[in-house]
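The values are calculated or read from the model by the stated rules, or taken from the named source; none is laboratory data. Computed from a predicted structure; not experimentally measured. All Cβ positions, even for glycine, are placed from backbone atoms using ideal geometry, and neighbour counts span all protein chains on display. Just so you know, the surface numbers come from the protein's heavy atoms only, side chains and all, with ligands and any DNA or RNA stripped out. Shrake-Rupley method; radii C 1.70, N 1.55, O 1.52, S 1.80 Å.
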Amino acid sequence: MPTVRDIRAKAGEAPITMLTAYDAPTAEIVDDADIDMILVGDSMGNAVLGYDSTLPVTVDEVASRTGAVSRGVEDALVVADLPFLSFGFDENSAVENAGRMLKEEGANAVKIESGSHTIELTETLTQLGVPVMAHLGLTPQHVNQSGYARQGTSQEEADEMLDLARKHEEAGAFSLVLEHVPANLAATITEELDIPTIGIGAGPHTDGQVLVINDTVGLGEWSPSFAKQFGDVRGEMERAVAAYRDEVESGEFPAREHSHVEEELDGVY
Ligand code: KIV
């Protein structure tokens, strides 16, 4: 069974890999490729649920997708994201929501978009046996305050981020996602912390990298400037769907090998 200790041990030895997944077949492909961690991100809001932000994503949606991903995975560490307003205002409900991901859905850890309001929660969850991945920089659950802009670009913001990173490490976080921050700030934070940093749009000096699976395989119509498309799944799906339509319309599908005839029924029909 994968543990956060394995992830911590890998830091500094070899780059840590993480991708999102939101369903069992995708998780199986990611796991078979020996990706270290699978994040069931609240990015599912945009990536698969048809919302235009992550804010509407519910605990039930993350739970259901986390269960599906866990069932498709053998080796990777599964991290469930805590969605908007499922933590941060009442410790009991935050612990229940996080605990549910491990108790009922097979996650190994939770990720929390972090700030000064999540330090105590990180400590409580860690003590209870729920490993926490912290997340600083661009935190899309704060879109109404910060938009999707790059973060940590002034000295004051950078100092504040480093301070929060240290406080989450002290509180017990096992790793830290840094999203859309300058590469030199990510390098400094990585150097200052013992826990691994996982970057997205944070340059090459973090201990690991994470991307949204849709951006990675080329499924979405749009992807952020810091993502790289390694495939063209959308193009392949478009070709397959159009070929299916054409063959149904022309009568070419289903062919003899896709049908079966029951001789005994010859007299009936
Ligand atoms: O929800 C998500 O997928 C994330 C990653 C982009 C880090 O938070």
**Message:** I'd like the FRET efficiency for Phe226 and Leu128, computed as 1/(1 + (r/R0)^6) with the beta carbon distance as r and R0 of 35 Å, rounded to 0.05.
**Reply:** 0.55
**Asked** Hey, any idea what % of the chain's accessible area is carbon plus sulfur with a 1.4 Å probe?
**Response** 49
**Complete:** Within the chain, excluding any GluC sites (Glu not before Pro) found in a DSSP loop (not H, G, I, E or B) and having at most 12 other Cβ atoms within 10 Å, the longest uninterrupted segment runs 105-220
**Message:** Cut-off 13 Å, label point 7 angstrom out along Cα-to-Cβ of Glu120: give me the residues of the range 58-87 whose amide nitrogen falls inside.
**Reply:** none
**Prompt:** Once the piece of chain linking Glu263 and Glu104 is laid out straight, how much longer is it, given 0.36 nm per residue of separation minus the C-alpha distance between them?
**Reply:** 52.3 nm
**Complete:** Its Cα gyration tensor gives the chain an equivalent ellipsoid whose semi-axes in whole Å, largest first, are 40, 21, 17
**Asked** Along the Cα-to-Cβ line of Phe253, 7 Å from the Cα, sits a label point; which residues in the range 203-244 have backbone N less than 15 Å from it?
**Response** 236-244
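What full-extension length gain, to one decimal in nm, is calculated for Tyr244 and Tyr148 as 0.36 nm per residue of separation minus the Cα-Cα distance?
30.7 nm
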**Request:** Could you order Tyr22, Tyr244 so the one with the most accessible surface comes first? Probe is 1.4 Å.
**Result:** Tyr244, Tyr22
**Asked** How far apart, in nm, are the 7 Å Cα→Cβ label points at Ala33 and Glu96?
**Response** 3.8
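Count the net charge of all other residues whose Cβ sits under 9 Å from the Cβ of Gln151, scoring Lys and Arg as +1 and Asp and Glu as -1. Numbers along the way, then the final one.
On the way: positive: Arg150; negative: Glu157, Glu179.
Result for the neighbourhood of Gln151: -1.
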